[in-house]
1. Can you find, among ILE112, PRO55, SER37, the residue farthest towards the positive end of the dipole of region 18-119? Put +1 on the C-beta of Lys and Arg, -1 on that of Asp and Glu.
2. Could you please state, rounded to a whole Å, how far the C-alpha centre of region 73-98 is from the C-alpha centre of region 172-193?
3. With a 1.4 Å probe and every protein chain kept in, tell me what percent of the accessible surface of the chain is carbon plus sulfur.
4. To the nearest 0.05, how large is the calculated FRET efficiency for ARG306 and GLU185 if R₀ is 41 Å and r is the Cβ-Cβ distance?
5. Probe of 1.4 angstrom, ligands and nucleic acids ignored: what's the accessible area per residue over region 6-112, in square angstrom?
6. Using the heavy atoms of the protein chains alone and a 1.4 angstrom probe, what is the accessible area of region 260-380 per residue in square angstrom?
7. Region 130-160 to region 286-337: how many Å between their Cα centroids?
8. Along the Cα→Cβ direction, 7 angstrom out, place labels at ILE10 and GLU345. What is the inter-label distance in nm?
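The values are calculated or read from the model by the stated rules, or taken from the named source; none is laboratory data. On a predicted model such as this, the values are computed, not experimentally measured, just so you know. When we count neighbours, we look across all protein chains shown, and the Cβ atoms used for this are built from the backbone with ideal geometry, even at glycine. SASA here: full protein model, heavy atoms, side chains in, ligands and nucleic acids out. Shrake-Rupley method; radii C 1.70, N 1.55, O 1.52, S 1.80 Å.
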Amino acid sequence: MPELSEAHRIVRDSMRRLGRERLAPLAVEADRTGSYSEAIHRLLVENGLFLINVPAEYGGTPMDLTATCLVIEEMGRVDGTIANTVAHHQAGLCCFLVGADEEQRARYLPLIGRGDYLVGFALTETGSGSDAFAMRTRAVLDGDRYAVNGSKCFISNSGLTDVYVLFTTVDPALRRRGVTAFLVEKDTPGLIVGKAEDKMGLRASPTRQLVFEDMRLPRTALLGRPGEGWELVFHSLTRTRILVAAMALGIAQAAMEVAVGYAGTREQFGRPIGEFQGVSFMLADMAVQVECARAMIYQVASQVDRGEEQQAYHASIAKCFASDTAMKVTTDAVQVLGGYGYTTEYPVERMMRDAKATQIIEGTNQIQRVQISRELLKRF
Ligand SMILES: Cc1cc2nc3c(=O)[nH]c(=O)nc-3n(C[C@H](O)[C@H](O)[C@H](O)COP(=O)(O)OP(=O)(O)OC[C@H]3O[C@@H](n4cnc5c(N)ncnc54)[C@H](O)[C@@H]3O)c2cc1C
């Protein structure tokens, strides 16, 4: 793993303190009730978690990708839901910062700079997940306004979000070249926010459907030019995939620590179970995977920070490996804790449920493998 600077270490340590002391005690209850925690939200706002990468002149905290990953990793360490909330705001914000014109920046950045104004990322539809270009939410120019009809699903932070980066098509037959992005404010007539999905994990993170019924948008709501919406997604994917990898890493690290602590104290046959090779090798494998994931994530993040932007291949590898690691480590952590691991008395069952989502969001791991193998075939 590349050496962290003093500034990076300060970010990591302050986030670790915030996580351990203030957020962790609230995470269990939020998962149990399955509803977004107002108390957690207040802490995220007070500590400027929604200001990350907002330009400084608007009150924000610009950070490089390494620092942003450290924040998300530390959030993932206490609660996947919190990491998901912050990461998906970053996904929307990144598209906004790439695509917004001067007027849009002047309108929205003072709002986003308040620290409690969330940006959403709305791409997935019921019929178009992995195949994003098959989207059907259509924007038709009618006079001087666009009429938007269709729906999106699985949109993180829906209901909390103040402005959505919405991806539509001006013509489904054009596939990629039809994708057109808009900024849609939450109270726009014709926008209906559906009920929250009852999910396996990330339970306190609201994931909802958005429905658009003859929603009218002015041309000034266009984010970028018609037909160029995919450029925004493409630009943000490298970063957001690395952020999801960092979230997975945080979950895996936390599960490993619980497993190691338990294995050192739980006795069977008169000895701590960590002394049995069957258990200790499981712990060792956790460390191997966690450290490899960490090295990979911070290597690619530092390459992006050095201006080597063409990192989609390594971002996919990091996302794939870190999320598979999170799934394996959390599952093994449940195993190390035996029956107790299977109960809510310990956090590893929650971590296992949360880890699963990291293999699906920001492109499933099958899609990462499709992209990695395509690139491989080009390179060798
Ligand atoms: C908790 C959560 C939060 C989310 N938040 C957001 C959000 O904020 N915004 C947003 O836009 N979306 C969001 N999503 C949606 C997410 O990005 C999609 O679920 C994901 O891209 C997969 O799409 P799908 O669910 O339609 O699965 P499908 O695309 O239908 O895939 C089903 C299965 O088929 C496999 N598959 C598909 N195509 C191929 C292929 N070519 N080769 C091999 N296997 C393939 C997939 O890997 C998967 O295993 C979220 C999802 C979850 C679970």
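1. Of the listed residues, the answer is SER37.
2. Computed from Cα coordinates, the inter-centre distance equals 22 Å.
3. On the way: 8910 of 16640 Å².
Carbon-and-sulfur percentage of accessible area, whole number: 54.
4. Details: r = 37 Å, r/R0 = 0.89.
Using R0 = 41 Å, I get an efficiency of 0.65.
5. For region 6-112, the per-residue accessible area is 40 Å².
6. Numbers: 6280 Å² over 121 residues.
Averaged over the residues of region 260-380, the accessible area is 52 Å².
7. For region 130-160 versus region 286-337, the Cα centre distance is 32 Å.
8. 4.4 nm
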